[in-house]
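In what follows, a structure is listed as structure tokens, so that the remarks can point back to it.
Nothing in this text is a laboratory measurement; each read-out follows from the coordinates by a stated rule. All values reported here derive from a predicted model rather than from experimental measurement. Every residue, glycine as well, gets a Cβ built from its backbone with ideal geometry; the counts of neighbours run over all protein chains shown.
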Amino acid sequence: MDTGNKVAEVIEASSAEFTAQCYKLDQSPPLGSLVKTQDSLGEIYGVIYNAETHSLDPGRRVIARGENLESEEDIFRANPHLARLLSTDFKVMVVGHVQGKSLYHYLPPKPVSIHSFVYTCSLEEVRTFTRSLDFLSLLVDVRLPIPVDEVTAACIRYASQAHSDSQAFLVKAGKELAFLLSSDTRRLNSLLKRLK
């Protein structure tokens, strides 16, 4: 787990999510990890739900270049311009914010600003944010282009690493999921299996 580094910058934003471009290629924080931004209103927290590496020019497709090379590093040594033609972005679902000294586990009043810096959260920030699991209702109810249960399980596993008793945290999270998904036992069982 990371300890709170600046890793990216917001390039698209809405009330419920934002997209951030990494400063370094292939250096996205892991799926389900908690990140934050800061703006004039305070800190905004979110969970990474997707990452992708692509060409910066939408009309220019990435092509294979390593047929006669020994390693992936050799490709970048032979083609140093590639690092400037490719980008790694990640998408974040907003799950909470801080205003003044109060932490809220719901959407902020306005989207994060474009070009805001994105930081990984320290262990202490993850521990503080996940003491309350109220944000899980945002995760389990959202519609994403990837399976939301995978993101939810990854987030809970990630957060458990910040707690001194990770097993107790997983049990607490399991109980919260049981409450939220009481009418969908098949989905609940599938999600609980992913927490192991």
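The table for this structure:
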{"quantity": "Those residues of the range 18-43 which are in a strand (DSSP E or B) and touching a Phe, Trp or Tyr at 6+ places or on another chain (Cβ under 8 Å), in sequence order", "calculated": "Thr19, Ala20, Cys22, Leu34, Val35, Lys36, Thr37, Gln38"}
{"quantity": "Positions within the range 1-41 being at positive phi and surrounded by 17 or more Cβ atoms within 10 Å (Cβ to Cβ), in sequence order", "calculated": "Gly32"}
{"quantity": "Pairs, first without any contact (Cβ under 8 Å) to a residue 40 or more places away in the chain and farther than 17 Å from Leu107 by Cβ in the range 19-47, second of a type in the set (D, E, K, R) and surrounded by fewer than 24 Cβ atoms within 10 Å (Cβ to Cβ), C-beta under 9 Å, six or more apart", "calculated": "Tyr23/Lys6; Tyr23/Glu9"}
{"quantity": "Search result, residues across the range 113-147 that are assigned to a helix (DSSP H, G or I) and in contact (Cβ under 8 Å) with a residue 60 or more places away in the chain", "calculated": "Leu123, Glu125, Val126, Phe129, Leu139"}
{"quantity": "Failed criterion for Ala162 (all others in (1) under 22 Å from Asn5 (Cα atoms); (2) in a helix (DSSP H, G or I); (3) touching a residue at least 60 places away in the same chain (Cβ under 8 Å) hold)", "calculated": "(2)"}
{"quantity": "Pairs, first surrounded by 10 or more Cβ atoms within 10 Å (Cβ to Cβ) in the range 55-75, second in a loop (DSSP other than H, G, I, E, B) and of a type in the set (Lys, Arg), C-beta under 6 Å, six or more apart", "calculated": "Ile75/Arg65"}
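One line per residue, one yes/no per condition, for (1) within 14 Å of the chain's Cα centre (by Cα); (2) exposed (fewer than 15 other Cβ atoms within 10 Å of the Cβ); (3) hydroxyl-bearing (Ser, Thr, Tyr):
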{"position": "Ala78", "(1), (2), (3)": "no, yes, no"}
{"position": "Arg84", "(1), (2), (3)": "no, yes, no"}
{"position": "His105", "(1), (2), (3)": "no, no, no"}
{"position": "Cys121", "(1), (2), (3)": "yes, no, no"}
